[in-house]
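Remarks on the structure that follows.
The values are calculated or read from the model by the stated rules, or taken from the named source; none is laboratory data. None of the values given here were measured: they were computed from a predicted structure. Note that we place each Cβ from the backbone using ideal geometry, even for glycine, and neighbour counts take in every protein chain shown.
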Amino acid sequence: MKPTKLILHTTLFLVTFFTLTVAGVQWLNRDPFNLANFSLGIPYSVSVLFILGCHEFGHYFAARHHGVDATLPYFIPFPNLQSVVNFGTLGAVIRTKSPIPSRKVMFDIGAAGPIAGFVASMIVLVYGFSTLPGKEFILSIHPDYFSQPHPPTGIDLAFGNSILYEAFSALLTNPANQFVPPMTEVYHYPFLCAGWFGLFVTAMNMIPIGQLDGGHIAYTMFGSRHRFISRASFVTLLLIGAPVGGNPFLHRQARSPAGARRISPRRYETLAGLGHLRNPRSLVHPNSVHGDDLIRLTLRSFFLILIAYLHS
């Protein structure tokens, strides 16, 4: 690798680490421009980088295993912007630098990332639920939390729940003798926030549209028919998201005692679908994926989306 390329990868990684750490401090309702608070955001930044790194290196090592030349991950930082939900990054990508010899190879490369990222997200969630701090942690952020459960100051959001998140919460915590944060407070807990974010990104990435991993996998499974699947998925996302008004990044719930705004996967999916709806067929030899692979990947994709995305 050329030294200039290595410098670029390293610089992007370090800048992303910085923007993630700033976001982690903000999730704690602390001043990110006070250097004394910087270390408070590191658990969040390290957790997100671990998940993103596992996802991208899943692609990378699968590509190298099949003899496909690929770059190291390009991490994408995201700066602090007012009125935008800030996770601190726009993710990461790798580039293949040589032709992909067959659909089966593309299948393996495309599936390896979401699987690795999914496992990493579960590890972070398990650790987060297993090491939940006591009530003093939420009181350090909201001193009047239990006398006024939804304070008027600070971030007012609710994360959507999911089957897997709910299952880990039920298995690893005991609400009878410990404080388990509701979905309106999850973002204050760095490992839970990062794990939730990882599940969300994994599920979104499996949508069979364009340059998402799901789009690549759909092409390997269905060939030219992936165009219809991609367009149908895009239209479906538009229809699902259309009734939701207001901020394009947030879904306002009906008025509730919490008065919280809820992060809407539907909106993010719709935005993700605005890219190209096709895959670069010229890179792939027209060998199809075997039938048993199709069955395994269909079930695996459904399983990932079901437990990582569906929310109550």
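Filtering region 139-190 to residues that are aliphatic (A, V, I, L, M), farther than 27 Å from THR21 by Cβ and modelled with pLDDT of 90 or more leaves ALA167, ALA170, LEU171.
Looking for something of a type outside the set (A, V, I, L, M) and in a helix (DSSP H, G or I) - is there at least one such residue anywhere in region 79-90? No, region 79-90 contains no residue that is of a type outside the set (A, V, I, L, M) and in a helix (DSSP H, G or I). For region 4-15, check the following and say yes or no: at least one residue is out of contact with any Cys (no Cβ under 7 Å at 6 or more places or on another chain), surrounded by 20 or more Cβ atoms within 10 Å (Cβ to Cβ), farther than 30 Å from ARG225 by Cα and not aliphatic (A, V, I, L, M). Looking through region 4-15, none of the residues is out of contact with any Cys (no Cβ under 7 Å at 6 or more places or on another chain), surrounded by 20 or more Cβ atoms within 10 Å (Cβ to Cβ), farther than 30 Å from ARG225 by Cα and not aliphatic (A, V, I, L, M).
Candidates are the residues of region 39-55 that are in contact (Cβ under 8 Å) with a residue 60 or more places away in the chain, touching a helix residue (DSSP H, G or I) at 6+ places or on another chain (Cβ under 7 Å) and not small (Gly, Ala, Ser); the one that is surrounded by the fewest Cβ atoms within 10 Å (Cβ to Cβ) is PHE50. Here ASP108 meets the list (1) free of Cβ contacts under 8 Å to residues at least 24 places away in the same chain; (2) charged (D, E, K, R); (3) crowded, with 19+ Cβ neighbours inside 10 Å almost entirely, failing just condition (1). For region 58-95, filtered to residues that are out of contact with any strand residue (DSSP E or B) (no Cβ under 8 Å at 6 or more places or on another chain) and at pLDDT below 90, the residue that is nearest to LYS5 (Cα to Cα) is PRO79. Looking only at residues that are touching a Leu at 6+ places or on another chain (Cβ under 6 Å) and at pLDDT below 90 in region 191-214, which one is farthest from GLY91 (Cα to Cα)? If we take residues in region 191-214 being touching a Leu at 6+ places or on another chain (Cβ under 6 Å) and at pLDDT below 90, then GLY210 is farthest from GLY91 (Cα to Cα).
Of ALA23, ALA62, ALA36, all but one fail to be more than 19 Å from the chain's Cα centre (by Cα), crowded, with 20+ Cβ neighbours inside 10 Å and assigned to a helix (DSSP H, G or I); the exception is ALA62. Given the criteria part of a helix (DSSP H, G or I), under 28 Å from PRO143 (Cβ atoms), modelled with pLDDT of 95 or more and of a type outside the set (A, V, I, L, M), does SER47 qualify? Yes: the conditions hold for SER47.
Pairs linking a residue in region 3-21 that is farther than 14 Å from VAL93 by Cβ to a residue that is among the hydrophobic types (A, V, I, L, M, F, W, C), with Cβ atoms under 6 Å and 6 or more positions apart or on different chains, are THR19/PHE78; LEU20/VAL48; THR21/ILE42.
Kindly indicate whether any position in region 18-31 is of a type in the set (Asp, Glu) and at pLDDT 90 or above. Checking region 18-31: not a single residue is of a type in the set (Asp, Glu) and at pLDDT 90 or above.
Suppose we keep only residues that are farther than 14 Å from LEU49 by Cα and β-branched (Val, Ile, Thr) within region 120-136. Which one would you say is surrounded by the fewest Cβ atoms within 10 Å (Cβ to Cβ)? Selected residue: THR131. Is region 128-135 home to any residue that is among the basic types (Lys, Arg), part of a loop (DSSP other than H, G, I, E, B) and without any contact (Cβ under 8 Å) to a residue 60 or more places away in the chain? No, there is no match, as no residue in region 128-135 is among the basic types (Lys, Arg), part of a loop (DSSP other than H, G, I, E, B) and without any contact (Cβ under 8 Å) to a residue 60 or more places away in the chain. Only one entry of THR236, THR220 meets the criterion of being of a type in the set (Ser, Thr, Tyr), part of a helix (DSSP H, G or I) and surrounded by 21 or more Cβ atoms within 10 Å (Cβ to Cβ), and that entry is THR220.
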